[in-house]
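Structure, as structure tokens:
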Amino acid sequence: MSVKQDCEHIKVEEINQDTIKDIEDKIVYTDEKKLLNFYEKLRCHCIQSAGKKTGKIGKEITQLLLFLPDFAMLVIRLFIDKRTPKRVKIILGGVITYLFTPWDIIPDFIPIIGYVDDLVLVVIALNSMLNEIDPDIVMDNWSGKEKPLTLIQQIIAVTEKFLSQNILVRIKKIVTNLLAEKEK
């Protein structure tokens with residue numbers, strides 16, 4: 001049987017403009033404004049949902065956790081940026097390794113708090129390096145709307161109230177070890 005004979009039973013219909021418009025409206029990634037709007041709606045939904053399930057603290061932690069992708073991208077971009085000092089790149093490499101390996105102080109599969117250690121490690125490491133990186137380099141590589149230094153301070157303050165001292169000490173020890181590697 002030839003391809004032509006095999007396809008004769010297929011009926012081809014023309015798609016009207018209304019159907020095309022409906023399809024385009026459902027595709028989020030074709031329009032940057034729609035993509036950003038989708039992201040903001042999703043972000044709000046996550047925060048509200050966490051608040052309903054975990055209360056005020058869970059809502060606050062979730063709100064801060066949604067900055068983890070921004071900080072992860074900042075760390076990666078700073079690592080790649082040629083203007084970043086090599087000694088800082090050593091720490092950034094360690095942070096990236098921690099973020100993308102399955103071994104964590106708090107396992108990632110635990111809802112909401114599973115990524116808190118990742119966020120805290122990133123912000124403590126960044127906080128310790130900010131004096132060594134030109135602020136313009138940081139801002140050139142920052143995707144977020146808020147100022148990164150303000151967020152770092154806010155995240156550290158909230159997590160010091162929320163996390164146990166044992167977990168904070170373990171996270172700070174990892175950062176201290178990364179800083180020690182930088183000095184070698």
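The values are calculated or read from the model by the stated rules, or taken from the named source; none is laboratory data. Remember, predicted model here, so these are calculated numbers, not experimental data. Here Cβ is always computed from backbone atoms with ideal geometry, including for glycine, and neighbour counts include all displayed protein chains. The accessibility values were calculated without ligands, DNA or RNA, using every heavy atom of the protein model including side chains. Shrake-Rupley method; radii C 1.70, N 1.55, O 1.52, S 1.80 Å.
Here residue 92 clears all of (1) touching a helix residue (DSSP H, G or I) at 6+ places or on another chain (Cβ under 9 Å); (2) closer than 27 Å to residue 48 by Cα except the condition numbered (2). For residue 181, the conditions (1) among the acidic types (Asp, Glu); (2) at pLDDT 85 or above; (3) out of contact with any Leu (no Cβ under 9 Å at 6 or more places or on another chain) are fulfilled apart from (2).
Quick grid of which residues meet (1) modelled with pLDDT of 90 or more; (2) among the aromatic types (Phe, Trp, Tyr):
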| site | (1), (2) |
| --- | --- |
| 85 | yes, no |
| 92 | yes, no |
| 99 | no, no |
| 103 | no, yes |
| 108 | no, no |
| 113 | no, no |
| 117 | no, no |
| 131 | no, no |
| 136 | yes, no |
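If you go through the stretch 151-184 and keep only what is polar (S, T, N, Q) and either in contact with a helix residue (DSSP H, G or I) (Cβ under 8 Å, 6 or more places away or on another chain) or closer than 22 Å to residue 96 by Cα (or both), you end up with 153, 154, 159, 176, 177. For residue 91, the criteria (1) surrounded by 16 or more Cβ atoms within 10 Å (Cβ to Cβ); (2) of a type outside the set (Asp, Glu); (3) under 20 Å from residue 165 (Cβ atoms) hold in every case but one, which is (3).
Condition first: touching a Gly at 6+ places or on another chain (Cβ under 7 Å) and either surrounded by fewer than 12 Cβ atoms within 10 Å (Cβ to Cβ) or at negative phi (or both). Can you find one or more residues in the stretch 95-106 that meet it? Checked the stretch 95-106: at least one residue is touching a Gly at 6+ places or on another chain (Cβ under 7 Å) and either surrounded by fewer than 12 Cβ atoms within 10 Å (Cβ to Cβ) or at negative phi (or both). Pairs are defined by a Cβ separation below 9 Å, a sequence spacing of at least 6 or placement on different chains, a first member in the stretch 47-61 that is farther than 16 Å from residue 116 by Cα, and a second member that is open to solvent by 60 Å² or more (accessible area, probe 1.4 Å) and not in a helix (DSSP H, G or I); the pairs so defined are 53/111.
Residue pairs whose Cβ atoms lie under 6 Å apart, separated by 6 or more positions or on different chains, with the first residue in the stretch 67-84 and closer than 11 Å to residue 123 by Cα and the second outside any loop (DSSP other than H, G, I, E, B) and among the hydroxyl-bearing types (Ser, Thr, Tyr), are 68/115. Filtering the stretch 119-159 to residues that are among the hydroxyl-bearing types (Ser, Thr, Tyr) and either open to solvent by less than 50 Å² (accessible area, probe 1.4 Å) or in contact (Cβ under 8 Å) with a residue 12 or more places away in the chain (or both) leaves 128, 143, 159.
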